[in-house]
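Written below as structure tokens is the structure these notes are about.
The values are calculated or read from the model by the stated rules, or taken from the named source; none is laboratory data. Predicted model only: the values in this text are computed from it and were never measured. Positions of Cβ are backbone-derived with ideal geometry, glycine not excepted, and every protein chain shown enters the neighbour counts.
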Amino acid sequence: MAARLRPFANMSASARREALTFYVLISPWLLGFIIFIAYPMVRSLYLALTQYQIGREPVFVGFDNFSRLFQDPDFWQSLRVTGLYVLGSVPGSTVIAIGVAMLLAQNIRGVSIWRTIYFLPSVVAPIAVAVLWFYVFNPQYGLINTLLGYIGIKGPGWITSEDWALPSLVFMSWWTVGGQVIIYLAGLKNIPKEYYEVAQIDGAGSWARFWNITVPMLSPTIFFNVVLGFIGAFQVFDGPLILTNGGPNKATLTYMLNLYREAFQMGSLGYASALAWVLFLIIMALTVVIIRSSSLWVYYETERERA
Amino acid sequence: MTDLSSLPPMSSPTGGLNHAARRAESRSGKPVGPQFGRALNYLILFVGATIMLFPLLWMFTSSFKPEWQILAQPPIWIPSTWIHAQAGSTTQEFPLWWAVNPDGEREEVLKVGVRRFTTVIDVSQMPELIAAPADRLSDAQPTAMDSVTFNVRTLTLDDGTTRQVVAIARDGENLVVAAVDDLRKIAAIRPLDEVNAGKRANVEIGGYRLQARELEEEGVTLLALGPESELTVVAPQEVASAAVLVPAEAVEEAGLAPFGSTELPVYTLADHPEAEKYVLLSAESWQPIIDLEQARASGFTVENSALSASELRTVNGTPDMPVATAGMEDGSQREVVLLVETSALTFVIPVDEATTLRLTPLGKLAQPFVANLDGVSVSYRDDYVEGDQRHAIAIVSERRDMALIAPQAVVEQAFDVPSESLSAVLTPNFSLQNYVDALSKDLGGATFFTFFRNSGLLVLLNLIGHFLSVTLVAYAFARLRAPGKNFLFMVLLSTMMLPFPVMLIPTFEIFQKLGMINTLWPLFVRSFFGNAFLIFLLRQFFMAIPMELEEAARIDGATTLQVLVRVILPLSAPALATVGIFTFWWTWNSFFEPYVYLSSPQQYTVSLGLAFFKGQYNTSFHLLMAASMVVILPIILIFFFAQRYFIEGIQLTGLKG
């Protein structure tokens, strides 16, 4: 009986001691995982089903929060804004990052200097970036409209214009693409150059080499970064807060900005938990879709080996 | 995801980088196409790099600009100071401008006057007038025709044809217009003050009432059509040094006098011969001031009853200062200047000690503060600028109207130029004033130094937390065998992709229950429980360390902890550096969590402080840029010295496929 309850029973004494040491050593993380990840996830699911004003006790209300949510124009607006932002930010920065990485992977002089320059904007604090672009986008004194003025173009109001505010945030996100450039550059360096040599002998042009070697070999990296970029973009917060504070007229009210306001300005922790879970489910669902579809476009070398 | 646990070990950062670099070199065999393609590559990279760097550079330069240069149109790219010329021996300074003189040379000049002009027509020659609905007329567009400028509008007629017209008057909903072609034959340019000096005259022409001006001397009635244009009269900067400050009431108008190709009003001085003519450079209120330090050291208060009747005298070159004799407590008498008079007490300074008493244009003094000097409230400013120095000065006695004048002969070289052709005389100057101002601003009881201290403390605590926890956990995952390990490692990796908002509110609840809201605690305690990415990073590194080294130590009887501390960690300096740098980077730049957990500025971190600062000084871009520069500087410095650790770490985050 006792033996059956002890999972390490059939191990040698030293193996048992090693296993014990393992669990002692990872205990900080395991504890942190339970307190700050596992418990909060379960708890927030429960809170999503309660009415819970900050400072009071949660009251179970079933699915009220969710039915309220689907009738909340701010929810739909924030979903629309965030969706458009993700659609602009993720593909745009992926294409830019791969493009720059491909250029750097050519036998370019001073690769490390170029890489430093492209990475620099990603190093500085996102808030400083947002404050800087708040100035860059200023319709009157900003850098962009000043430069456009030189070629005789009267630039739009950017962050003060309902039409341009969201595109402005997308442009700003492209500026901090440097981290991805580094990742793709490293990914490109891992493609054995023999593949290109063989392809060239076979008479493949540079376009064919790109589509038939570079893209498939890079696809796991692209896949992983698109998923990460996508999860990150769904949670965009700093930029819209600093540049537009969700405005003008809620044109940049992103999902997280809306959630933050509900939770910490309105104090509706229950409703905000429901919002958080809906965001979680959306992200998970789309991630699953991407992963499922990945077998169509992601090429893993292990598949080839198995075949 | 299943492939994640069987990831290959991470190469050591140095080794990895060199390896990558070597491989890049060996790629030179890859054909790169014709020369044109290569040039295009560099061109695209260069354009991209410009887009990456230019805003940062702009932030850097803007952080050194005085505010007016931020707002200047056309833009001023390099932070500069505007060169001024001192007006005689006074505290006034005239800004200098670049102007092209009649000889075609660029010259540093100061403005001595303006001449305004307008387009006029003689009403007796008025052509046919038409009333047209305002919505059929375009906006007025100043257009030069021959040497005359008109505010031309396009009138669209019923049949769709258009005519160029000028609006003459308003008639209810309609504008009364005349054809440009008719007007250009009779129009002329006249000085605006000449036209305005004429008597108002209401003229009726074709049934429309027009407001014109009758110039009686010439016997004509003129109608001003606009647009107004402006010429600025300028003079070589030497004029400034010849300037003399006199009381405004001593200056009398003496008509216009020609100066080269231009003309200026000239003045005579009371008590001076009529033949001595002067040009007026400025007329404004001037305020006596004295160095605050001198007022404090030598000034004192006397009761009004101890003062004799005052008389006005020039003291230290400052005219019309009230001077009286004060009876001192020891029975002696002193001659004193009355600086600040109240109903019972007067703040005075002995005449021979008022060596910093002077006049300054009121425009140079902003809203004053008040200090108590020996029982009397005295207005003062501590940021009064004279030359390139700041002074703390007391504002004393009465302001008076003064005029700065220069003898006519000195201004002979004056000429006029279109006002818009003038540009400021600038010299590059990277002043740290914005930094001083931004860092010393009081932000709800805190300054940026408070934010630095808080962020620094958090970095330190998070470093301790991560080094303690991450090394242990990473070592366990890298080296030890235990049932459930692979499963737990997968759990660890998947937490890296978990969207944090779903944990946000319960986590907030935990810290709220612990009474840690608005403290720094929520921002560092979790680092003592490890961090998935850093554990993963360090585990990859540990796996690359040969097992033999460790086994040798174990044979000598070392415990796991001893092995970790004595064998593994000393070999892991690069990976530990990466852990440290990422911890610093995240802590320094983190915004959302401080934003959620902190509410009083005394607790703010740098990022949060910057956001708060931006809320307070929304439009002071010069201060915003200086503050942002201060916030990003530490991370930029670390980045340049330890770039490879950033890059190795970033590569690892993105290459898990």
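Determine whether segment B:199-219 contains at least one residue that is without any contact (Cβ under 8 Å) to a residue 60 or more places away in the chain, in contact with a Ser or Thr (Cβ under 7 Å, 6 or more places away or on another chain) and among the small types (Gly, Ala, Ser). So far as segment B:199-219 goes, yes, one or more of its residues are without any contact (Cβ under 8 Å) to a residue 60 or more places away in the chain, in contact with a Ser or Thr (Cβ under 7 Å, 6 or more places away or on another chain) and among the small types (Gly, Ala, Ser). Of the residues making up segment B:358-398, those that are among the acidic types (Asp, Glu), within 17 Å of B:Gln294 (Cβ to Cβ) and part of a strand (DSSP E or B) number 2. Among residues of segment B:51-71 being free of Cβ contacts under 8 Å to residues at least 60 places away in the same chain and at the interface with chain A (Cβ under 9 Å from one of its Cβ atoms), the one that is nearest to the chain's Cα centre (by Cα) is B:Leu71.
The condition (being over 23 Å from A:Gln106 (Cβ atoms), within 8 Å of another protein chain (Cβ to nearest Cβ), modelled with pLDDT of 85 or more and outside any loop (DSSP other than H, G, I, E, B)) is satisfied by just one residue among A:Ile183, A:Ile282, A:Ile242: A:Ile242. The helices (runs of 4 or more DSSP H) falling completely within segment B:591-657 include none with 3 or more residues that are in contact with a Gly (Cβ under 6 Å, 6 or more places away or on another chain) and at the interface with chain A (Cβ under 10 Å from one of its Cβ atoms). Within segment A:113-127, the residues that satisfy the criterion of being at the interface with another protein chain (Cβ under 7 Å from one of its Cβ atoms) and under 9 Å from B:Met52 (Cβ atoms) are A:Ile117, A:Tyr118, A:Leu120, A:Pro121.
Any residue at all in segment A:236-245 that is surrounded by fewer than 18 Cβ atoms within 10 Å (Cβ to Cβ) and touching a helix residue (DSSP H, G or I) at 6+ places or on another chain (Cβ under 6 Å)? No, segment A:236-245 contains no residue that is surrounded by fewer than 18 Cβ atoms within 10 Å (Cβ to Cβ) and touching a helix residue (DSSP H, G or I) at 6+ places or on another chain (Cβ under 6 Å). Scanning segment B:354-377 for residues that are over 16 Å from B:Leu338 (Cα atoms) and touching a residue at least 60 places away in the same chain (Cβ under 8 Å) yields B:Thr360, B:Pro361, B:Leu362, B:Gly363, B:Lys364, B:Leu365, B:Ala371.
In segment B:460-479, what count of residues is obtained for those that are crowded, with 20+ Cβ neighbours inside 10 Å and either touching a Gly at 6+ places or on another chain (Cβ under 8 Å) or touching a residue at least 60 places away in the same chain (Cβ under 8 Å) (or both)?
12
Residues of segment B:155-187 that are without any contact (Cβ under 8 Å) to a residue 24 or more places away in the chain, more than 19 Å from B:Thr143 (Cα to Cα) and outside any strand (DSSP E or B): B:Leu157, B:Asp158, B:Asp159, B:Gly160, B:Thr161, B:Gly172. Here B:Glu274 meets each of (1) over 30 Å from B:Val336 (Cα atoms); (2) surrounded by 16 or more Cβ atoms within 10 Å (Cβ to Cβ); (3) out of contact with any Asp or Glu (no Cβ under 7 Å at 6 or more places or on another chain) with one exception, condition (2). Could you check, for segment B:132-142, whether at least one of its residues is polar (S, T, N, Q), in a strand (DSSP E or B) and surrounded by 15 or more Cβ atoms within 10 Å (Cβ to Cβ)? No - not one qualifying residue is present in segment B:132-142. Filtered by the rule that a residue be outside any helix (DSSP H, G or I) and modelled with pLDDT of 85 or more, segment B:17-70 gives B:Ser63, B:Phe64, B:Lys65, B:Pro66. Kindly indicate which of A:Phe210, A:Phe224 is within 27 Å of A:Val129 (Cα to Cα), in a helix (DSSP H, G or I) and either aromatic (Phe, Trp, Tyr) or at pLDDT 90 or above (or both). When all the criteria are applied, what remains is A:Phe224. With respect to (1) closer than 27 Å to B:Gln287 by Cα; (2) in contact (Cβ under 8 Å) with a residue 12 or more places away in the chain, the lone exception for B:Arg390 is condition (2).
Condition check for B:Phe347 on (1) surrounded by fewer than 20 Cβ atoms within 10 Å (Cβ to Cβ); (2) on the phi < 0 side of the Ramachandran plot; (3) not basic (Lys, Arg): one failure, at (1). Screening the candidates B:Phe529, B:Phe536 for the property of being more than 21 Å from B:Phe511 (Cα to Cα) and out of contact with any Asp or Glu (no Cβ under 8 Å at 6 or more places or on another chain) yields one hit, B:Phe536. When restricted to residues that are farther than 16 Å from B:Met543 by Cβ and under 52 Å from the mean Cα position of the chain (by Cα), segment B:472-513 contains 22. Within the option set B:Gly260, B:Gly206, B:Gly219, being at pLDDT below 80 and surrounded by 15 or more Cβ atoms within 10 Å (Cβ to Cβ) holds for one residue only, B:Gly260.
Out of B:Leu564, B:Leu549, which single residue is within 28 Å of A:Ala15 (Cβ to Cβ), crowded, with 21+ Cβ neighbours inside 10 Å and not hydroxyl-bearing (Ser, Thr, Tyr)? Outline the logic, then answer.
Working: B:Leu549 fails: crowded, with 21+ Cβ neighbours inside 10 Å.
The unique qualifying residue is B:Leu564.
Of all residues in segment A:71-93, none are facing another protein chain (nearest Cβ under 9 Å) and of a type outside the set (Val, Ile, Thr).
Close contacts from segment A:21-32, counting a first residue that is at the interface with chain B (Cβ under 7 Å from one of its Cβ atoms) and a second that is in a helix (DSSP H, G or I) and of a type in the set (S, T, N, Q), with Cβ to Cβ under 8 Å and a gap of 6+ residues or different chains, come to A:Thr21/B:Thr560; A:Leu25/B:Thr560; A:Pro28/B:Ser469; A:Trp29/B:Ser469; A:Gly32/B:Ser469. Here B:Thr118 passes the criteria (1) at positive phi; (2) in contact (Cβ under 8 Å) with a residue 60 or more places away in the chain except the one numbered (1).
Listed here are the residues, each with its yes/no results for (1) touching a residue at least 40 places away in the same chain (Cβ under 8 Å); (2) in contact with a Gly (Cβ under 8 Å, 6 or more places away or on another chain).
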{"residue": "A:Trp211", "(1), (2)": "no, no"}
{"residue": "A:Phe223", "(1), (2)": "yes, yes"}
{"residue": "A:Phe230", "(1), (2)": "yes, no"}
{"residue": "A:Ile242", "(1), (2)": "yes, no"}
{"residue": "A:Ser268", "(1), (2)": "yes, no"}
{"residue": "A:Val278", "(1), (2)": "yes, no"}
{"residue": "A:Ile282", "(1), (2)": "yes, no"}
{"residue": "A:Val288", "(1), (2)": "no, no"}
{"residue": "A:Trp297", "(1), (2)": "yes, no"}
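In this entry, B:Leu157 is excluded by the filter for residues that are among the hydrophobic types (A, V, I, L, M, F, W, C), surrounded by 12 or more Cβ atoms within 10 Å (Cβ to Cβ) and touching a strand residue (DSSP E or B) at 6+ places or on another chain (Cβ under 9 Å).
Quick grid of which residues meet (1) within 19 Å of the chain's Cα centre (by Cα); (2) surrounded by 18 or more Cβ atoms within 10 Å (Cβ to Cβ); (3) assigned to a helix (DSSP H, G or I):
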| residue | (1), (2), (3) |
| --- | --- |
| A:Leu87 | yes, no, yes |
| A:Ala97 | yes, yes, yes |
| A:Ala101 | no, yes, yes |
| A:Thr116 | no, yes, yes |
| A:Phe119 | yes, yes, yes |
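Just wondering, is there one or more residues in segment A:87-96 that are free of Cβ contacts under 8 Å to residues at least 24 places away in the same chain, β-branched (Val, Ile, Thr) and in the same structural domain as A:Gly229 (by TED's automatic domain parsing)? Within segment A:87-96, one or more residues are free of Cβ contacts under 8 Å to residues at least 24 places away in the same chain, β-branched (Val, Ile, Thr) and in the same structural domain as A:Gly229 (by TED's automatic domain parsing).
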